[in-house]
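S.K.: Take this structure first; my questions come after.
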Amino acid sequence: MPCMTDILILIVLAVVAVVLLVGIVMLGRLLHRQGAAPSADAMQLMQQELHQSGRQLSQSLQDLTTNLNERLSQSQLLAQQSQKLITERLTVADKTLGDLKGQLGQLGQATQNILQVGGDIRKLQDILQAPKLRGGLGEWTLENLLADVLPAQHFRLQHTFKTGAKVDALVILANGSVSIDAKFPLTNFQALLSAEDDSARGRARRAFLRDVRGHVDAIAGKYILPAEGTLDFALMFVPAENVYAELLRPEGDLDLPAYARQKKVIPVSPNTLYAHLMAVATGLRGLQIEQNARRIVGQLGQLSGELGLFATDYLTLGKHLANAHAKFDEASGKLDRFRLKIEQIHDAGPEAPGPADGPVSEPLSPEGPADPL
């Protein structure tokens, strides 16, 4: 589209042309009223000026029209390019909007999943409010850790001592057993987390540590029983890492780790218990290797005794073979002599006996009677 300046220029030129024509006409009328007829030279000059002004005006209008056409073409091309660009951008925007709608849908689904997880967490918190259910969760976690690391013959679950006390797990070692009991002190820990100021937080932490110290006393009194084959220490399994980290922090004169060491009760979390069990499993493998070595040494001793018996039998058999070989050589000589005598008899032939003589007997050999066969 032509700009506003070009339109104004066109209007001004048109007004100038109209004013010029009107002036010329008025000048002619004025001269006619005064009765003075214009000369031929004046009229010719006026016509030339009018013709030149009209030509200039026509040229200016033509130039302006050409300029306006060029501007109009440029404006149309620019408008087409702008329309194309706007169309492309609208297409991209539409695609982006579609992608955004899809992402919003996914975000909505993720939000629903988060809300569902939050609801499940609230349900889990409600479940963990019951001490018995918390204990069941700790026992289940402990059982899975033991089953993942140790052979089944080296641990027992819910073992009952002769005193009637029942421990959650008993790890069986070569020189004794280790008691492991799961504890989940959650009530005062939640109060500690929800404390609004330092004073309330300090009171909640002291109450939390007193609860844990009570659990330490109970484990030391009920599950460290050397008379029943346990070692002189036990493990307190805390199934939550954040709870375990909190009980390691002292509060005033309540230094729980030092108190637990004094009672020979070692607090452990899932990660630290896994490390302890891996060390136990390594020791058990070493013990198994030692037992296998002892068994192999015993078997080698048994084989050595059997080898001695075989050597004795082998030497006896050699003596028997030597005696048999000597008897064989002796029998071979006798057989050769007997064969020689048979050949001599065969070569001599039979002799006729006389009428008065009896049967002629063979004279005895100087070597004596013939050897028996």
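S.K.: Does Ile224 fit the bill of being without any contact (Cβ under 8 Å) to a residue 40 or more places away in the chain and in contact with a Phe, Trp or Tyr (Cβ under 8 Å, 6 or more places away or on another chain)? If you could, list the steps in order and put the result at the bottom.
M.R.: Working: without any contact (Cβ under 8 Å) to a residue 40 or more places away in the chain: no; in contact with a Phe, Trp or Tyr (Cβ under 8 Å, 6 or more places away or on another chain): yes.
In short, no.
S.K.: Please find, within region 219-267, the residue that is surrounded by the most Cβ atoms within 10 Å (Cβ to Cβ) out of those that are touching a helix residue (DSSP H, G or I) at 6+ places or on another chain (Cβ under 7 Å) and aromatic (Phe, Trp, Tyr).
M.R.: That would be Phe237.
S.K.: Name the residue, out of Glu251, Glu228, Glu241, that is in contact with a strand residue (DSSP E or B) (Cβ under 9 Å, 6 or more places away or on another chain) and acidic (Asp, Glu).
M.R.: Glu228
S.K.: Sticking with this structure for a sec: What pairs come up if the first residue lies in region 188-209 and is in the same structural domain as Pro267 (by TED's automatic domain parsing) and touching a residue at least 24 places away in the same chain (Cβ under 8 Å), the second is of a type in the set (Lys, Arg) and surrounded by 15 or more Cβ atoms within 10 Å (Cβ to Cβ), and their beta carbons are under 8 Å apart, counting only those six or more places apart or on different chains?
M.R.: Leu192/Arg201; Leu192/Arg205
S.K.: If I go through region 137-167 residue by residue, how many of them are polar (S, T, N, Q), assigned to a helix (DSSP H, G or I) and closer than 25 Å to Pro185 by Cα?
M.R.: Narrowing region 137-167 to residues polar (S, T, N, Q): 141, 144, 153, 158, 160, 163.
Subset that is assigned to a helix (DSSP H, G or I): 141, 144, 153.
With closer than 25 Å to Pro185 by Cα added as a condition, the list becomes 141, 144.
Selection size over region 137-167: 2.
S.K.: In addition: So which of Arg261, Arg249 is under 40 Å from the mean Cα position of the chain (by Cα) and part of a loop (DSSP other than H, G, I, E, B)?
M.R.: Working: Arg261 fails: part of a loop (DSSP other than H, G, I, E, B).
Matching residue, one of Arg261, Arg249: Arg249.
S.K.: Right, something else. Only one of (1) closer than 20 Å to Leu145 by Cβ; (2) part of a helix (DSSP H, G or I); (3) modelled with pLDDT under 90 is not met by Phe184, so which one is it?
M.R.: (2)
S.K.: Could you grab me the full set of residues in region 240-275 that are under 27 Å from Thr230 (Cα atoms) and without any contact (Cβ under 8 Å) to a residue 24 or more places away in the chain?
M.R.: Hits for region 240-275 are Leu248, Asp255, Pro257, Ala258, Arg261, Gln262, Ala275.
S.K.: Quick one: which of Phe155, Phe161 is under 19 Å from Ile266 (Cα atoms), hydrophobic (A, V, I, L, M, F, W, C) and in contact with a strand residue (DSSP E or B) (Cβ under 8 Å, 6 or more places away or on another chain)?
M.R.: Answer to the check: Phe155.
S.K.: Right, something else. Could you please let me know if Leu77 is modelled with pLDDT of 80 or more and of a type outside the set (D, E, K, R)?
M.R.: yes
The rows are residues; the columns are (1) closer than 12 Å to Leu256 by Cα; (2) in a helix (DSSP H, G or I).
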{"site": "Ala195", "(1), (2)": "no, no"}
{"site": "Ala204", "(1), (2)": "no, yes"}
{"site": "Arg210", "(1), (2)": "yes, yes"}
{"site": "Val216", "(1), (2)": "yes, yes"}
{"site": "Ala234", "(1), (2)": "no, no"}
{"site": "Pro239", "(1), (2)": "no, no"}
{"site": "Tyr244", "(1), (2)": "yes, yes"}
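The values are calculated or read from the model by the stated rules, or taken from the named source; none is laboratory data. Here the structure is a predicted model, which is why all the values come from computation and not from measurement. Glycine gets a Cβ as well: all are built from the backbone with ideal geometry, and neighbour counts include every protein chain shown.
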